[in-house]
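Have a look at the structure below before the remarks.
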Amino acid sequence: MAGYQCPPHVHLLDQTNQLKALMTMIRDKNTNRGDFIFYSDRIIRLLVEESLNHLPVVDKPVITPTNNEFNGVAFKGKICGVSIMRAGESMEQGLRECCRSVRIGKILIQRDEETALPQLYYSKLPEDIASRYCLLLDPMLATGGSAMKAIEVLLDNGVKEERILFVNLIASPEGIAATLKAYPGIKIITAEVDSGLDENKYIVPGLGDFGCRYFGTDA
Ligand code: URA
């Protein structure tokens, strides 16, 4: 969004013409499902690659085939993905393409009909998640309700706040503000920040219901 100043813990992908063209494809309501999946997957790949840039590394000297030393680096520590069901599951493949055999946990959160508060219905996480960096996957950061509940679950399981990277395609300023107010130590990696939310809590201009468009359950 023009004029939006990203808070320090928000990392926006470089706003290249390529990214803008990919985002335009998935925002267009006339884009068919095959193209929606294809272009979303491309953006997800860019997001995962950017997220990996935020992980710490240690020195790793190696000997090249010319028998010379190269002072390289290797990732320090282990990672895992955690997808917020259902839409976050669309991001798992992009993570697997970058991180072979990566462990992926799942969290299902739904709004309680009576209280309107996000409620945890299911979670299955790697046993050693407390020692891992965690890429939390959800394509749309709208109000931040599900994100904050998911982060609470990760913290309850011993994950350190500063080891959580929350990865999404589109974020709202409201969702960013609420999530970082509650959990200032996390990082948010996003492709674009939109102008706000409508009365149904959809991101505007947004792209509609990501999960329904990706998984083909819209009208
Ligand atoms: N989830 C979506 O899929 N879209 C929105 O705009 C907000 C939440």
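Consider segment 107-122. How many of its residues are part of a strand (DSSP E or B) and open to solvent by 50 Å² or more (accessible area, probe 1.4 Å)?
Keep residues of segment 107-122 that are part of a strand (DSSP E or B), which gives 107-111, 118-122.
Retained after the next criterion (residues that are open to solvent by 50 Å² or more (accessible area, probe 1.4 Å)): 110-111, 119-122.
Result for segment 107-122: 6.
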Report task. Might you check whether a residue that is open to solvent by 10 Å² or more (accessible area, probe 1.4 Å), part of a strand (DSSP E or B) and more than 16 Å from the ligand (Cβ to nearest atom) occurs anywhere in segment 134-154? Result -> no
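Yes or no, residue by residue, for (1) buried (at least 17 other Cβ atoms within 10 Å of the Cβ); (2) part of a helix (DSSP H, G or I); (3) touching a Gly at 6+ places or on another chain (Cβ under 8 Å):
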residue	(1), (2), (3)
Leu19	yes, yes, no
Gly34	no, yes, no
Ser40	yes, yes, no
Val73	no, no, no
Val82	yes, no, yes
Gln93	no, yes, no
Of the candidates Val159, Val153, Val167, the one satisfying the condition of being closer than 26 Å to Ile37 by Cα and aliphatic (A, V, I, L, M) is Val167
Check your understanding: Would a scan of segment 162-185 turn up a residue that is assigned to a helix (DSSP H, G or I) and within 12 Å of Gly105 (Cβ to Cβ)?
Key -> no
Restricted to segment 194-208 and to residues being near the ligand (Cβ under 8 Å from one of its atoms) and in contact (Cβ under 8 Å) with a residue 24 or more places away in the chain, the residue surrounded by the most Cβ atoms within 10 Å (Cβ to Cβ) is Ile203
The residue that is farthest from Asp209 (Cα to Cα), considering only those in segment 162-179 that are more than 16 Å from the ligand (Cβ to nearest atom) and open to solvent by less than 30 Å² (accessible area, probe 1.4 Å), is Ile164
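The values are calculated or read from the model by the stated rules, or taken from the named source; none is laboratory data. Since we're looking at a predicted model, the values are computed, not measured. Cβ sites come from the backbone with ideal geometry, for glycine too, and all protein chains shown count toward neighbours. The accessibility values were calculated without ligands, DNA or RNA, using every heavy atom of the protein model including side chains. Shrake-Rupley method; radii C 1.70, N 1.55, O 1.52, S 1.80 Å.
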